[in-house]
Amino acid sequence: MIRQGKNWVLALAFTALALLAMPASAQVSLPVANTGSTSFEDGTAGPGWALEQYINYGYAGQLKDSAGNKDAGSNNLTTSVFLEHVVYYSTHKVLGGFYGGEVLLPFVDVSLQSAQAGNNHNRGLGDITVSPLMLVWTPRPIAGGRLFAHRFTADIVLPSGKYSKYKVVNPSSHVVSFNPWYAFTLYPMKHSTKIEISSRIHYLWNGENDSPFVGYGFKSMQPGQAFHENYAVSYEVARGIRVGFNGYAIQQITDHQINGQNVPNSRERVFGSGPGAQFGSHGLWFYANAYFESGAQNRAQGTHFNFRVLKTLGGKEGPPPAPAPPRVP
């Protein structure tokens, strides 16, 4: 009998923007990472294949400075991302967890209308994400019957997407990024999976872009390092149907650099939260999540919508049955 995991999810959602705006603190920006692309039951998975289609739409009607104040003039940023995700967990164990890998490839459409940079639009393939190291520990009882599942992934983003130094915005960030993450799911009620609490914690390191937008006159620029987290709580209202609350936060922890020098007051921050739902069964799952942002600094602030379709495919072997949500085949 195959134990398939659900929620074989995106580790790094996609790369989209190269640059955002105009003052020195905003001429470098963090690559777009997984902020809210994963949510409910994020720590649960198991051996087998999974195919996933992501659709993300975001609209930001404000660009914020380092103090969180709105930039002058009319500014808006629109992004649409269509992402293909393939993941595989084997039945081989490392450190007690099942070993796997994944590949993600996005198609990105981005439009920036700025009082200072004018109208800019670009579309094309984004940067590929690969992981040579994924480990998942299937749900196990803890603390008197409560279930806990977790997993770890080391993702690498390669600058393989469409990029031009003559464009203000690009589908590729044109930097190498390292984005490891740890996710867990806890079912806090004894002998019940009605309620679940999930979180995914990322660390983001970015390499140097040695071919930045020519209009700035820089030789190089390097986005700073950051931590970002997704979190969610859901309740199973009926078999295979969950509704709940989801959110994310991102905080940059080192300054951006231009020509090897730190840019003061350049660290980015934003929070997002909103409702979400998931439903499905027998290896086919659908997700919908909405996020309304607040507290932005040095970045755009707006609204994001994520839609996801996940199909899991079992392998020839699997682990022995273990305590887990009853709807997981």
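The values are calculated or read from the model by the stated rules, or taken from the named source; none is laboratory data. Just so it is clear, the structure is predicted and the values come from calculations on it, not from any experiment. Counting neighbours? That spans all protein chains shown, and the Cβs are built from the backbone with ideal geometry, glycine included. Quick note on the areas: whole protein, heavy atoms, side chains included, nothing else; ligands and nucleic acids left out. Shrake-Rupley method; radii C 1.70, N 1.55, O 1.52, S 1.80 Å.
For every residue, the table says whether it meets (1) over 24 Å from K167 (Cα atoms); (2) polar (S, T, N, Q); (3) modelled with pLDDT of 95 or more.
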site: A226; (1), (2), (3): yes, no, yes
site: E236; (1), (2), (3): yes, no, yes
site: V243; (1), (2), (3): yes, no, yes
site: T254; (1), (2), (3): yes, yes, yes
site: S266; (1), (2), (3): no, yes, no
site: R269; (1), (2), (3): yes, no, yes
site: P275; (1), (2), (3): yes, no, yes
site: A300; (1), (2), (3): no, no, no
For this session: Could you pull out the residue among G240, G224 that is of a type outside the set (F, W, Y) and farther than 28 Å from L284 by Cβ?
Result: G224
Seminar exercise, completed: The condition from (1) among the β-branched types (V, I, T); (2) modelled with pLDDT of 95 or more; (3) more than 24 Å from I156 (Cβ to Cβ) that T193 misses is numbered (2)
Exercise. So which residues in segment 211-228 are closer than 30 Å to F305 by Cα and open to solvent by 70 Å² or more (accessible area, probe 1.4 Å), if there are any at all?
Worked result: F227
Exercise. Being among the hydroxyl-bearing types (S, T, Y), out of contact with any Cys (no Cβ under 8 Å at 6 or more places or on another chain), open to solvent by 10 Å² or more (accessible area, probe 1.4 Å) and within 20 Å of S37 (Cβ to Cβ), is that true of even one residue in segment 195-210?
Worked result: yes
Problem set entry | Among residues of segment 49-106, those that are closer than 16 Å to D155 by Cβ and either open to solvent by 50 Å² or more (accessible area, probe 1.4 Å) or part of a loop (DSSP other than H, G, I, E, B) (or both), counted | 6
For this session: State all residues of segment 45-77 that are under 29 Å from A288 (Cβ atoms) and hydroxyl-bearing (S, T, Y); if no residue qualifies, say none.
Result: Y54, Y57, Y59
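I'd like the full set of residues that are open to solvent by 20 Å² or more (accessible area, probe 1.4 Å), in a strand (DSSP E or B) and touching a residue at least 60 places away in the same chain (Cβ under 8 Å), limited to segment 113-147. Lay out the reasoning, then the answer.
So in segment 113-147, the residues open to solvent by 20 Å² or more (accessible area, probe 1.4 Å) come out as 113, 115-121, 123, 125, 128, 130, 132-133, 137, 140-144, 146.
Now narrow it down to the ones that are in a strand (DSSP E or B): 113, 118-121, 123, 125, 128, 130, 132-133, 137, 140-142, 146.
Answer for segment 113-147, where residues must be open to solvent by 20 Å² or more (accessible area, probe 1.4 Å), in a strand (DSSP E or B) and touching a residue at least 60 places away in the same chain (Cβ under 8 Å): R140, P141.
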For this session: Return a yes/no flag: does segment 174-189 have any residue that is over 30 Å from M221 (Cβ atoms), more than 20 Å from the chain's Cα centre (by Cα) and open to solvent by less than 30 Å² (accessible area, probe 1.4 Å).
Result: yes
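Results for (1) in contact with a His (Cβ under 7 Å, 6 or more places away or on another chain); (2) at pLDDT 95 or above; (3) not acidic (D, E), shown as yes or no for each residue.
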site: L105; (1), (2), (3): no, yes, yes
site: T129; (1), (2), (3): no, yes, yes
site: I142; (1), (2), (3): no, no, yes
site: K162; (1), (2), (3): no, yes, yes
site: V168; (1), (2), (3): no, no, yes
site: A183; (1), (2), (3): yes, yes, yes
site: L186; (1), (2), (3): no, yes, yes
